[in-house]
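Beneath this line is the structure, given in structure tokens, with notes to follow.
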Amino acid sequence: MAMNIEDKKAIVAEVTAQVAKAQTIVVAEYRGITVGDLTQLRKNARTQGVYLRVLKNTLARRAVEGTPFAGLSEQMAGPLIYGMSADPVAPAKVLNDFGRTNDKLVLKAGSYNGKVLDQASVKALATIPSREELLAKLLGVMQAPVSGFARLLAALAEKKQGEAA
């Protein structure tokens, strides 16, 4: 189905808005993936806050033109699905995790912080804990001394009560 110029402009405008908010863009080849599997991938992406879209590569090139992601244009060939997010790790994590269970999805490239990433770099980015995971770990580390101190105070209070009785 051919798109008219107004449809194309609308798609480019929508994707450009997403690119403006994104810290990372990851592209993967999706040749041979069933509709059911693609629907599951989209559902996973939504829960992680990742904008996921199959685009015509010419429209995607126009959307990234003049942005820090412009270097990714050279990698835009073939049937690609684009994942982008304000969380720098989420698109790589979503697509990499799906690619582990479905060998038809092949990570192709990505872009983070103005640098184009190859397939190995995207996989490495996917192994980094997300912001939420890091904050949870930090909170756990910060709470450990406080909870230990509280247990110590409770033990001292019990000891004092035992001595007073």
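Structure above, values below:
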read-out	value
Computed [θ] at 222 nm, helices only, for the chain once each DSSP H run of length n ≥ 4 contributes -39500 (n - 2.57)	-18500 deg cm²/dmol
Listed candidates (i) 69, 35, 26; (ii) 45, 38, 26; (iii) 88, 33, 29 - label of the one calculated as Cα extents along the principal axes in Å	(iii)
In sequence order, calculated HN-Hα J values of segment 125-130 (Karplus, 6.51, -1.76, 1.60; Hz; x Gly/Pro)	4, 5, 7, 6, x, 6
Folded to 0 to 90 degrees: helix 35-47 orientation relative to the chain principal axis, Cα	50 degrees
Proximal aspartates and glutamates relative to Lys104, as straight alpha-carbon distance under 14 Å, when same-chain residues fewer than 8 apart are discounted	Glu29, Asp37
Cross-link pairs beyond the 26 Å C-alpha cut-off, checked among Lys56/Lys108; Lys8/Lys108; Lys9/Lys93	Lys9/Lys93
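Each value in this text was obtained by applying a stated rule to the coordinates, not by laboratory testing. Remember, it's a predicted structure, so these values are computed and weren't measured experimentally.
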